[in-house]
Amino acid sequence: MDEFGEAGDAKLDTVQVTSRVSRKVLTGRIIAFYARQNASLEAVISKFVLRLLILFAIAILVAAGATQSGSWTVRLKPERIVNGAPILFQVKAPARVTSLTGKWLDHDVFFSLDRASKTWYGLAGASLETKSGSYPLLLEGTTAGGTHISFRTLIRVSAAKYPSIAVTVSRQFTEPDPEQLKQIAQDKTVKQDMFRTVGAEREWKGQFKPPVEARISDVFGTQRTFNGKVQSFHQGLDYAVPRGTSVAALNSGTVLLARPLYFEGNCVVIDHGQGLLSLYLHLSEFEVHEGEHVQRGQELGLSGSSGRATGPHLHIAVRWQGVYLNPETLLKMNLP
């Protein structure tokens, strides 16, 4: 036997057992440690995944809203809007809609669909009195499935610079006598009744054409001083034409009025539908009658100097839902 003998074997066995026990304990501790770490890790992962899911859901909702807003397209003609200007809204909705309506400056905007371009067109305008600023355009549509969708955007209106002139006319137009005042009051009633009976359906189509081929002698928006006292704004466009010049309709529509008025003289008013009217003043003769449907370019009458006029010329005006707009701008617009 070596010097260790059996005692040495017993010590060795004890060391081996202790080693095995220590390994088991260590293994258990390691497993327990990793179990605790795994539980903590699972908790961390769970929280992370939960937060990620929440953020993902929010992102989806935001993206959905942005897509709907972003997919609405609104274009303007002209691109720069000023007080007194007509406006053509060109709208593409995020989904196919069967109807579209709008609201701007407290006026209803009626839209018509151009199927070829899938674009909705609506004519509107800003009055001379509209202040510079941004005004909301509200759009509402109904899809083929009956879902209502809406959109809101701001339309900027800038201030236009209009000229001012002094005009001399007969005193009866600045200082009318009692009999003339009575006629003026009667005319006012006629015009108020006429403006309330405009058609809701669109009658105009395509480009608006000038009523005559002549030089423009006075523009829209001019501030006028009559005989040094009475001030007003020129709410139309004057053409320098001699008496007896043929006057044509700007576009198709129905004749609302064809009769003499105190200030306007012999006057024709055409209803183009959806609140849009064109007026032709100071005529010498009528070639149409009230209630008649006319086409673009059809003769309405002959120019003259009836009513409050300084001489022979043609005055035209464009009125949209009670607001007078610049005819020159309308005539330059490329319309569907």
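Selection over the stretch 305-332 of residues that are within 22 Å of Asp108 (Cα to Cα), at pLDDT 95 or above and assigned to a loop (DSSP other than H, G, I, E, B) gives a count of 1.
The set of residues from the stretch 302-322 being surrounded by fewer than 23 Cβ atoms within 10 Å (Cβ to Cβ) and more than 18 Å from Asn251 (Cβ to Cβ) comprises Leu302, Ser305, Ser306, Gly307, Arg308, Ala309, Thr310, Gly311, Pro312, His313, Gly322. Evaluation of Asp108 against the conditions (1) exposed (fewer than 11 other Cβ atoms within 10 Å of the Cβ); (2) not in a helix (DSSP H, G or I) shows that the sole unmet condition is (1). Might you check whether a residue that is in contact (Cβ under 8 Å) with a residue 12 or more places away in the chain and in contact with a helix residue (DSSP H, G or I) (Cβ under 7 Å, 6 or more places away or on another chain) occurs anywhere in the stretch 79-90? Scanning the stretch 79-90, I find at least one residue that is in contact (Cβ under 8 Å) with a residue 12 or more places away in the chain and in contact with a helix residue (DSSP H, G or I) (Cβ under 7 Å, 6 or more places away or on another chain), so the answer is yes. Within the stretch 263-314, can you find the residues that are within 22 Å of Leu181 (Cα to Cα) and of a type in the set (Asp, Glu)? Selection gives Glu264 alone. Note on the stretch 259-289: residues that are closer than 29 Å to Ser112 by Cα and among the small types (Gly, Ala, Ser) total 3. Answer yes or no: is there a residue in the stretch 263-286 that is assigned to a strand (DSSP E or B), in contact with a Phe, Trp or Tyr (Cβ under 6 Å, 6 or more places away or on another chain), within 15 Å of Ala214 (Cβ to Cβ) and β-branched (Val, Ile, Thr). The answer is no; no qualifying residue exists.
Residues considered: Val268, Val241. Of these, the only one that is buried (at least 21 other Cβ atoms within 10 Å of the Cβ) and touching a residue at least 40 places away in the same chain (Cβ under 8 Å) is Val241.
The values are calculated or read from the model by the stated rules, or taken from the named source; none is laboratory data. These figures come from a predicted structure and were not determined experimentally. Note that each Cβ is placed from the backbone with ideal geometry, even for glycine, and that neighbours are counted across all protein chains shown.
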